[in-house]
Amino acid sequence: MKWMLITALTAFSVVAGGQSAEKVKTGVGFGALPAVSFDSDLGFQYGAIVNLYHYGDGSGYPRYDHSLYMEWSRYTKGTGINRLMYDSEKLIRGIRTTVDVTYLTDQMLNFYGFNGSQSGFDDRATRSYYSLERNMFRIKADLQGNFGASALGWVGGYTFYDFAIASVDYAKLELQPDAGGSLYDRYVAGGLIPAQDANGGKLSYLKLGLKFDTRDQRAFPSRGMWTEAVIQTAPSFMNESPHTKFALIQRQYFSLMKDMVLAYRLDYQATVGKGEVPFYAQPLLITSFLTAASNQGLGGAKTLRGILRNRVVGDAVLFGNFEFRYKFFKFNLLNQNFYLGTNVFFDAGMILEPMELPGIDALSVQEKTMLSIGEFDRNQIYSGAGLGLKIGWNENFIISVDHGRSLNRQYGKGGTYISLNYLF
């Protein structure tokens, strides 16, 4: 359906006579589509997406006063998204308020072990061997404000997670069980995943940090930077597994010429101080604003495109995304503003500190071989490159198609991702 929409809009733009002046939107605007898309890690998606915007008197366009995003969708490989997100700078004067309530179901969430290069991958194995079942409920509330009229500001928030984790339900999915169990089953049996964490748990995070934001707009920044330094902690009085994470995220945008932008993101995240992070929380990445239903990895649509989803999981990680973006055609249709754009990208990441694997010293050489556990390579870089197509609808509702190829087949062959929004 999204491909049909792309074709129809392109054809209409030619008939309409080419580049048209962009119209300032006022009042209520919207973006609505059948949620028909594709992700190499998740399969084909079906469902519905609606995003309502209120632009007020239009003086801040393309910035909106209020945004309400609603999604109900399912993927053919077993993932379900039920999401409601509200975002506004007008609800509380001078403060950006973002509230997200999401329930994600995943009958076969990718699980490739820990520490990237330390965990071997056999592409002859079944998909269920590298999978587990995970249902995740999340409530996320973020606040952002500035110190006076400066670009320097603060971020704060609270996030609650409830993870339910189990082995793949072979009978429900009508699959032949893997001999000896899945990799997840073997990690649990071998003690590499502690028994108290094996079936999930609840986490409550408090977040506080600083930001510096000089972007000219949010959906397609053409200049400026957006930097965040954030501490996110799961305190002992709220959690059974207290721990603290630190994130430093730098994004910058350079205008090369009209509608042509060079953009990059550098993201460092690490555990600080004492505390044990449950294995199911290690892939989570800190962000003050979600451009998708989840933000985890490394690997997949939102971190390292072309790398297998969640293929690279460590205790401290660094990754970067570099994109050349270009809006090459603009037009109006039914009093709506549209544009066609493209992006060429390169993604790369590495593990700076590996996760400690409890019980690994008790495993024999044969047991490690059966689990495909080798030596950790601290210098290994995980990278992919590719290109994409973008369709912008009133600037803020952006249909995104990216195709990335892994530069090392041990970490993936490639992936195609049809979703919403630019990566950052």
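The values are calculated or read from the model by the stated rules, or taken from the named source; none is laboratory data. Please read all numbers here as calculations on a predicted model, not as lab measurements. Ideal geometry is used to build each Cβ from the backbone, glycine not excepted, and the neighbour counts take in all protein chains shown. Side chains included, ligands, DNA and RNA excluded: accessible areas come from the protein's heavy atoms. Shrake-Rupley method; radii C 1.70, N 1.55, O 1.52, S 1.80 Å.
Only Lys, Arg, Asp and Glu carry charge here, each on its Cβ (+1 for the first two, -1 for the last two); on that basis the chain has a dipole of about 1240 debye about its Cα centre. Volume per residue for the range 103-193 equals 161 cubic angstrom (convex hull of Cα atoms). Which entries of Lys202/Lys302; Lys245/Lys413; Lys207/Lys274; Lys140/Lys302; Lys23/Lys390; Lys211/Lys330 show an alpha-carbon separation above 21 angstrom in the structure shown? Cα-Cα > 21 Å for Lys202/Lys302; Lys245/Lys413; Lys211/Lys330; rest within. Principal axis extents of the C-alpha atoms in the range 274-328 (largest first, rounded to whole Å): 49, 23, 19. Hey, any idea what Rg/Rh is for the range 40-157, computing Rh the Kirkwood way over Cα pairs? Checking Rg against Rh, the ratio lands at 1.12. Solvent-accessible surface of the range 366-424, averaged per residue with a 1.4 angstrom probe and all protein chains in place: 43 square angstrom. In the range 143-296, the portion of solvent-accessible area held by carbon and sulfur atoms comes to 59 percent [1.4 Å probe, whole percent, DNA, RNA and ligands not counted]. Packing order of peptides 105-112, 45-52, highest average first: 105-112, 45-52 (average count of other Cβ atoms within 10 Å over each peptide's residues).
D by Stokes-Einstein for the range 297-359, Kirkwood Rh over Cα pairs, 10 °C, 1.306 mPa s: 111 µm²/s. By the scheme Lys and Arg +1, Asp and Glu -1, what is the net charge of all other residues having a beta-carbon under 11 Å from that of Leu318? Around Leu318, the charge tally is -2.
Dipole of the chain computed with +1 at Lys/Arg Cβ and -1 at Asp/Glu Cβ about the Cα centre; of Leu352, Thr76, Met108, farthest Cα towards the positive end is Thr76. How far is helix 2-16 tilted, in degrees, relative to the longest principal axis of the Cα atoms in the chain, given as a value from 0 to 90 rounded to the nearest 10? So the inclination is approximately 20 degrees. Note that the range 302-424, at 4 °C in a medium of 1.567 mPa s, gets a Stokes-Einstein diffusion coefficient of 77 µm²/s from its Kirkwood radius over C-alpha pairs. Largest first, the three principal axis extents of the alpha carbons in the range 82-140 are 55, 24, 14 Å in whole numbers. Sorted on the mean count of surrounding Cβ atoms within 10 Å across their residues, most packed first, peptides 60-68, 302-310 read 302-310, 60-68.
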